[in-house]
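Structure first, commentary second.
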Amino acid sequence: MEKFFYPRSLVVFGASTTKMNLGQIVLLNNKQIGYEGALYGVGSHAGEINGVPVYKDVADLPEIPDVAIFLTPAKTVPALMEACGQKGIRRIVIESGGFSEYSHGNYSLEEEVLKIAEKYGMKVIGPNCVGTVNFDIKMMMPFAFFKDIPTGGRVGLIAQSGGVGGTYLRAITGYGIKPGKFVATGNKLQLDEVDFLEYLLHDDKTDIIALYLEGFKRGRAFFDLAMQSEKPIIVQKSNRSPLSAKIAQSHTTALSSSDEVIDGAFRQAAVIRIEDEIDFINAIKVIRLPLMKGRRVAVLSRSGGHAVLSADACAKYGFEIIPFPPSFIEKLKTIYNTRVIAHQNPLDLGEIFDYTIFTDILEEALKLSTYDGVLFNHLYSANFEAEMSRTFLTGVEKLVAKYQKPVCLAMISDREEILDVSKNHAFPIFTSPLEAASALHVSLTYYERKEVRNARGRAPSYDVDLHTIQTIRERCLLEKRIPFTDEALTICSTAGLQPVKSMVIQNAKSVGRVPLKYPVALKLISRDASHKSDVGGVMINIINKKALLTAIAEMEGTLKRLKPRPVIDGFLVQEMAPSGIECFVGGRRDQAFGPIIIVGLGGVFIEIFKDTSIRLAPVTKREASDMLKELKAYPLLLGVRGKGRADVKALVEVICRVSSLLINCSEISEMDLNPVIVHPDGQGVSIVDARVFF
């Protein structure tokens, strides 16, 4: 990977000596910005481009370049790669597009490229990309002109789209952020975001990693790297809408779209997810400051109105604006003569015009253990206070470094003034109280999630009876059906998830003496009815044998009237569980991220309220507990309106056991436990229904 960012020489295929084209732009750009490595071109005519030699054949090159860049029609790439392989070139960047439109026999161009790469041990970026940039050595693979190249940047940027990546490169430099390294992965035929994330995590010249992605090729591998990262990872993930409107076969599938899985994975791995370009830039800004480690904010403002706006913004993100301690108020009286404005949090500094006083007050606020961070509104006139404001900004930067607390500074002035400060001053600034509060929220959220991630411990391991599961699976495959409810509950029991007592009967004649305590529930067993309640296949609170016989007859009558009529494979009779809070626990295998676990409010409302939390399996007990705390329904588990606390500990155990089952049994593709009835604290849970899919 190192050669892609520190090449000693580059060769560009498709460079024209007679007219301006993309290949020529790459060579001219590197020549003009000061790349010190050797440059070569290969094109249809030999010659030179601004002193760069161009050859007709790669074999004629006087040395073996570290990287070959292709800007030729897609159909020409395999032959050129073969020539590069024979020459000894092992790093390839395919910037050309159009690969999917061409094929040769039964093999696509992509397959040809991969075969040649494997043959020669090549590493390939692209196709349809713009390659890499290393600002420190002024090396640019994109086919666009750059100027005023900054060096010494500590931000690494990975983009799936060259267009979006280029936009972000220009955007962040406009806000005083220096990029260090950049790569656009394009179609990710071979190398993808995981390869470059791993490289940047080990790069001692990269402190922050930011990514724009449209999809994951290896989500689990990305997650595993992020779980170990001490560097902040910021991601904008687009392409969020569902690709298919097909009806899901299970609640788990319906409630865990690809994007929701990504949200859960990012939360678990402390990856900062943002929504748009401004959030992207602001996240990079604030993450360079010391992290916010609590919710207590001191608000200092040169405008009373902006102080009110700040209070609203802080309330939006759940920050605490607690009063200043008396010692702080007394200290203020020694710093300046107060006349009108009350000493409270937010503190209105509108009567002060001596900039040294602002710095002194800020320092006193930062000294206080009472606060975790400061939001400072600096409203000023550029015509009269521009120079003083820059001096003040330098003072803020020094205080932040000294006290290691974040100060989100909202500088509010003329547009041109703010743009100039943003571009030319290293310390990050924001343009409104809401933007500053949002940045503090990003900082705090990252800190909290990182703390949870680093303290997660080991996921519990449970024994699973895989032989019993395999027996059920073979029976289902033979009969071309999913497991019946009783079989699904048996699978649960193999992992220590013990369901309520039950028995299977074929019809009313086989009822006999039911060895269960009444009241009982009656449930249809049918290979044609995955959702039993939708076809009238569930009856509850049956008080005795006579009522059970009546219920069976009524259910059979209801089913006979259905068109098409579902097959009756039997009936499941279960003891009624005590009342409690109905929850849902499920899991499935995501194509990119592997086994996931999902929990939420259960019963018939699971898909209506969609109050769920997702993590990648396996989960620790702490992670399972955090999943529950994310739910809007969590207060129900804690007890409301005189009701006692539910047995959260037992529900956490269920989540961990389902997680372990998915890890240990790769044959299970999806499973639902719904409902899991959670009883009062200390009384456990009841598992009354389950569905499993192989």
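The values are calculated or read from the model by the stated rules, or taken from the named source; none is laboratory data. Source: prediction; values computed, not measured. So basically every Cβ, Gly included, is an ideal-geometry build from the backbone, and we count neighbours across all protein chains shown.
Checking each residue in segment 133-148 for being β-branched (Val, Ile, Thr), part of a loop (DSSP other than H, G, I, E, B) and buried (at least 22 other Cβ atoms within 10 Å of the Cβ) picks out no residue at all. Going through (1) hydrophobic (A, V, I, L, M, F, W, C); (2) at pLDDT 90 or above; (3) farther than 19 Å from Ile677 by Cα; (4) part of a loop (DSSP other than H, G, I, E, B) one by one, Met503 falls short only on (4).
Table: residues versus (1) out of contact with any strand residue (DSSP E or B) (no Cβ under 9 Å at 6 or more places or on another chain); (2) at pLDDT below 90; (3) closer than 30 Å to Val692 by Cα.
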site: Ala221; (1), (2), (3): yes, no, yes
site: Asp224; (1), (2), (3): yes, no, yes
site: Ile233; (1), (2), (3): no, no, no
site: Lys237; (1), (2), (3): no, no, no
site: Pro242; (1), (2), (3): yes, yes, yes
site: Ala245; (1), (2), (3): yes, yes, yes
site: Gln249; (1), (2), (3): no, yes, yes
site: Ser256; (1), (2), (3): no, yes, yes
site: Gln268; (1), (2), (3): no, no, yes
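Does Ile69 satisfy the criteria of being in contact with a Lys or Arg (Cβ under 6 Å, 6 or more places away or on another chain) and either in contact (Cβ under 8 Å) with a residue 40 or more places away in the chain or assigned by TED's automatic domain parsing to the domain that holds Tyr199 (or both)? When the stated conditions are applied, Ile69 does not pass them.
Restricted to segment 402-435, and to residues there that are of a type in the set (D, E, K, R) and assigned to a loop (DSSP other than H, G, I, E, B), the residue that is surrounded by the most Cβ atoms within 10 Å (Cβ to Cβ) is Lys405. Taking the stated definitions as given, is Ile596 in contact with an Asp or Glu (Cβ under 7 Å, 6 or more places away or on another chain), under 25 Å from Leu638 (Cβ atoms) and hydrophobic (A, V, I, L, M, F, W, C)? Judged against the criteria, Ile596 is not a match.
Evaluate the following for Ile482: is it within 27 Å of Asn664 (Cβ to Cβ) and assigned to a helix (DSSP H, G or I)? Please lay out each step first, then the result.
Details: within 27 Å of Asn664 (Cβ to Cβ): yes; assigned to a helix (DSSP H, G or I): no.
Taking the combined requirement at face value, the residue does not satisfy it.
Suppose we keep only residues that are under 31 Å from the mean Cα position of the chain (by Cα) and charged (D, E, K, R) within segment 644-694. Which one would you say is nearest to Ala577 (Cα to Cα)? Taking the candidates together, the pick is Asp647.
Confirm whether Tyr371 is in contact with a His (Cβ under 7 Å, 6 or more places away or on another chain) and closer than 30 Å to Ile233 by Cβ. No: the conditions fail for Tyr371. Cβ-Cβ distance below 6 Å, separation of 6 or more or different chains: which pairs start in segment 581-597 with a residue that is closer than 20 Å to Val652 by Cβ and end on one that is part of a loop (DSSP other than H, G, I, E, B) and modelled with pLDDT under 95? Going by the 6 Å Cβ cut-off, the qualifying pairs are Glu582/Gly602; Cys583/Gly602; Phe584/Gly602. Within segment 188-239, the residues that satisfy the criterion of being of a type in the set (Gly, Ala, Ser) and part of a loop (DSSP other than H, G, I, E, B) are Gly215, Ser229, Ser238.
Does segment 305-314 include one or more residues that are touching a Phe, Trp or Tyr at 6+ places or on another chain (Cβ under 8 Å), under 17 Å from Leu440 (Cα atoms) and of a type outside the set (Asp, Glu)? Looking for residues that are touching a Phe, Trp or Tyr at 6+ places or on another chain (Cβ under 8 Å), under 17 Å from Leu440 (Cα atoms) and of a type outside the set (Asp, Glu), one finds none in segment 305-314, hence no.
Hey, could you check segment 267-326 for residues that are of a type outside the set (A, V, I, L, M, F, W, C), within 23 Å of Glu364 (Cβ to Cβ) and touching a Pro at 6+ places or on another chain (Cβ under 8 Å) and say which is surrounded by the fewest Cβ atoms within 10 Å (Cβ to Cβ)?
Residues of segment 267-326 of a type outside the set (A, V, I, L, M, F, W, C): 267-268, 273, 275-277, 279, 282, 285, 288, 290, 293-296, 301-306, 310, 312, 316-318, 320, 323, 325-326.
If we keep only those that are within 23 Å of Glu364 (Cβ to Cβ) too, we end up with 290, 293-296, 301-304, 306, 310, 320, 323, 325-326.
Checking the rest, the ones that are also touching a Pro at 6+ places or on another chain (Cβ under 8 Å) come to 290, 301, 306, 310.
On the way: Pro290: 16, Ser301: 25, His306: 23, Ser310: 28.
Looking at the filtered set, the residue picked out is Pro290.
Only residues that are of a type in the set (A, V, I, L, M) and more than 14 Å from Val26 (Cβ to Cβ) were counted across segment 67-93, and they come to 8.
Looking at segment 1-62, what strands (runs of 3 or more DSSP E) fall wholly within it and have at least 2 residues that are over 24 Å from Gly180 (Cα atoms)? So that I can check it myself, show each step before the final result.
Values: elements: 9-13, 38-42, 47-49, 52-55.
Ranges flagged: 38-42, 47-49, 52-55.
Candidates in segment 432-482 are the residues that are small (Gly, Ala, Ser) and modelled with pLDDT of 95 or more; of these, the one that is nearest to Glu653 (Cα to Cα) is Ser443. Of the set (1) closer than 25 Å to Gly152 by Cβ; (2) crowded, with 19+ Cβ neighbours inside 10 Å, all apply to Ala171 but (2).
Filter segment 8-26 down to residues that are crowded, with 23+ Cβ neighbours inside 10 Å and closer than 21 Å to Lys87 by Cα, then give me how many there are. Here the count works out to 7. Does segment 445-462 contain at least one residue that is loosely packed, with under 14 Cβ neighbours inside 10 Å and acidic (Asp, Glu)? Yes.
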